[in-house]
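**Q** First the structure, then my questions, so here it is.
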Amino acid sequence: MDGRVYRLAQEFIKQNYGVDFVDTITLSGACKVIAKSMEQEVLNFVKRCLNISVNKHGFRLIAMVGYYDCAGSLLIGKLKAVKLPVLLNW
């Protein structure tokens with residue numbers, strides 16, 4: 001949701017994963033909502049968006065981007081790349 005990170009995240013993904021395009025789904029506090037499997041309506045929205053990206057646009061990489069001062073879900077300490085079991089099970 002915070003426009004400060006979109007361009008940087010998209011450039012990073014393009015450069016490091018060899019893709020030309022990046023679909024962006026924005027959601028305040030997404031990391032917390034998905035990691036804790038909270039708010040079923042929100043999870044259903046994200047699933048629908050991911051379904052379009054994967055099954056209609058042909059994307060094979062899903063990157064969840066969070067940052068330290070997210071107003072929707074403040075994260076403490078260093079950010080790390082993690083696999084979220086809930087995403088792997090979708």
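**Q** Count charges around Y17 for me, please; just the other residues with Cβ under 12 Å from its Cβ, Lys/Arg as +1, Asp/Glu as -1. Before the final figure, lay out each step's value.
**A** Values: positive: K14, R60; negative: E11, D20.
Its environment carries a net charge of 0.
**Q** Using each residue's phi in the stretch 16-33, evaluate 6.51 cos²θ - 1.76 cosθ + 1.60 at θ = phi - 60° and report the 3J(HN,Hα) Karplus result to the nearest Hz, with x for Gly and Pro.
**A** 8, 10, x, 10, 8, 10, 9, 6, 10, 10, 10, 7, 5, x, 4, 4, 5, 4
**Q** Give me a comma-separated list of calculated 3J(HN,Hα) values for the stretch 46-62, in order, Karplus coefficients 6.51, -1.76, 1.60 applied at θ = phi - 60°, integers in Hz, x for any Gly or Pro.
**A** After applying 6.51 cos²θ - 1.76 cosθ + 1.60, I find 5, 4, 4, 5, 5, 4, 5, 4, 7, 8, 9, 8, x, 6, 10, 10, 10 Hz.
**Q** A further question on this structure: Is the shape of the stretch 1-61 best called rounded, prolate or oblate, per the rule: a/c under 1.5 gives rounded, else a/b larger than b/c gives prolate, else oblate, with a ≥ b ≥ c the square roots of the Cα gyration tensor eigenvalues? Spell out each step's value before the answer.
**A** Values: a/c = 2.39, a/b = 1.37, b/c = 1.74.
Verdict is oblate for the stretch 1-61.
**Q** Test of the criteria: in the stretch 1-68, which chymotrypsin sites (Phe, Trp or Tyr not before Pro) are in a DSSP loop and have at most 12 other Cβ atoms within 10 angstrom of their Cβ?
**A** Details: sites: Y6, F12, Y17, F21, F45, F59, Y67, Y68; in loops: F21, F59, Y67, Y68.
When the chymotrypsin sites (Phe, Trp or Tyr not before Pro) of the stretch 1-68 are filtered for loop state and at most 12 Cβ neighbours within 10 Å, F21, Y68 remain.
**Q** Tell me the per residue accessible area of the stretch 1-60 using a 1.4 Å probe; a whole number in Å² is fine.
**A** 74 Å²
The values are calculated or read from the model by the stated rules, or taken from the named source; none is laboratory data. Remember, it's a predicted structure, so these values are computed and weren't measured experimentally. Using ideal geometry, Cβ is built from the backbone for each residue, glycine included, and neighbour counts are taken over all protein chains shown. SASA here: full protein model, heavy atoms, side chains in, ligands and nucleic acids out. Shrake-Rupley method; radii C 1.70, N 1.55, O 1.52, S 1.80 Å.
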